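The values are calculated or read from the model by the stated rules, or taken from the named source; none is laboratory data. What you are looking at is a predicted structure, and each value in this text was computed from that prediction instead of being measured. Backbone-built Cβ (ideal geometry, glycine too); neighbour counts: all protein chains shown. With ligands, DNA and RNA removed, areas are computed over all heavy atoms of the protein, side chains included. Shrake-Rupley method; radii C 1.70, N 1.55, O 1.52, S 1.80 Å.
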Amino acid sequence: QVQLVESGGGLVQAGGSLRLSCAVSGSRIVIKAMGWYRQAPGKQRELVAVIGSGGSTNYGDSVKGRFTISRDNATYTVYLQMNSLKPEDTAVYYCYVAAGSGAWWGQGTQVTVSS
């Protein structure tokens, strides 16, 4: 069984920064991609950023240049550094892990950006 534990969400003023972390534990899996999605009230879940096993990255258009995704393969952890936060970044952020044997989601962490 695979567990994803997220941390780092919270309340921040516009222009501020937050760093999200997601640690993967449990059954040994070969992780291919790790990433973050978000869902705001009344909206569909959308891609924030994803990073492949080789380090290639892909970002949603709304966060390019402000957010940075990284991963530590030794600790099975993925990070999301969020800078220049805007009120429209307010959402529940979900960690995502894809492996050959399946895909898993974290429980979500709330990020609230006040204007």
**Item:** Label-point separation in nm, ALA74 to ARG45, each point 7 Å along Cα→Cβ
**Value:** 3.1 nm
**Asked** Any idea what the dipole of the chain comes to, in debye rounded to 20, about its Cα centre with Lys/Arg Cβ at +1 and Asp/Glu Cβ at -1?
**Response** 100 debye
**Prompt:** In square angstrom, what is the accessible area per residue of the chain with a 1.4 angstrom probe?
**Reply:** 52 Å²
**Fill in**
In whole percent, the Cα-Cα distances of the chain spread across 5 Å bins from 0 upward as 2, 13, 24, 26, 19, 10, 5, 1, 0
**Request:** Give me the lysines in straight-line cross-link reach of LYS43: C-alpha distance below 26 Å, same-chain residues under 8 apart excluded.
**Result:** LYS64, LYS86
**Protein accessible area in the chain, 1.4 Å probe - carbon and sulfur %** = 48 percent
**Request:** Go through region 19-30 residue by residue and turn each phi into a ³J(HN,Hα) via Karplus (6.51, -1.76, 1.60, θ = phi - 60°); whole Hz please, and just put x for glycine and proline.
**Result:** 10, 9, 10, 9, 9, 9, 9, x, 4, 6, 10, 9
**Request:** Could you pull out the trypsin sites (Lys or Arg not before Pro) across region 1-39 that fall in loop regions by DSSP (anything but H, G, I, E, B) with no more than 15 other Cβ atoms inside 10 Å?
**Result:** ARG28
**Item:** Net charge over other residues, Cβ less than 15 angstrom from the Cβ of GLY100 (K, R count +1; D, E count -1)
**Value:** +2
**Fill in**
Charge dipole of the chain built from unit charges on the beta carbon (Lys, Arg +1; Asp, Glu -1), centred at mean Cα; most positive-end Cα among VAL63, VAL111, THR77 is THR77
**Asked** Which residues' amide hydrogens lie under 5 Å from the amide hydrogen of LEU85, considering only partners 5 or more residues apart or on another chain, with H built in the peptide plane?
**Response** GLY15, GLY16
**Asked** In the neighborhood of LEU20, defined by Cβ-to-Cβ distances under 13 Å, what is the net charge if each Lys or Arg adds +1 and each Asp or Glu adds -1?
**Response** +1
**Message:** I need the trypsin sites (Lys or Arg not before Pro) found in region 52-108, filtered to DSSP loop residues with at most 14 other beta carbons within 10 Å of theirs.
**Reply:** LYS64
**Prompt:** Relative contact order for the chain: what is it in percent, counting Cα pairs under 8 Å that are at least 6 residues apart?
**Reply:** 36 percent
**Asked** By how many nm would the segment from LYS32 to THR57 grow when fully extended, if each residue of separation counts as 0.36 nm and the alpha-carbon distance is taken off?
**Response** 7.8 nm
**C-alpha center-to-center spacing [region 1-45, region 85-103] in angstrom** = 5 Å
**Request:** Assuming a ≥ b ≥ c are the square roots of the Cα gyration tensor eigenvalues, decide whether region 34-74 counts as rounded (a/c under 1.5), prolate (otherwise, with a/b larger than b/c) or oblate.
**Result:** prolate
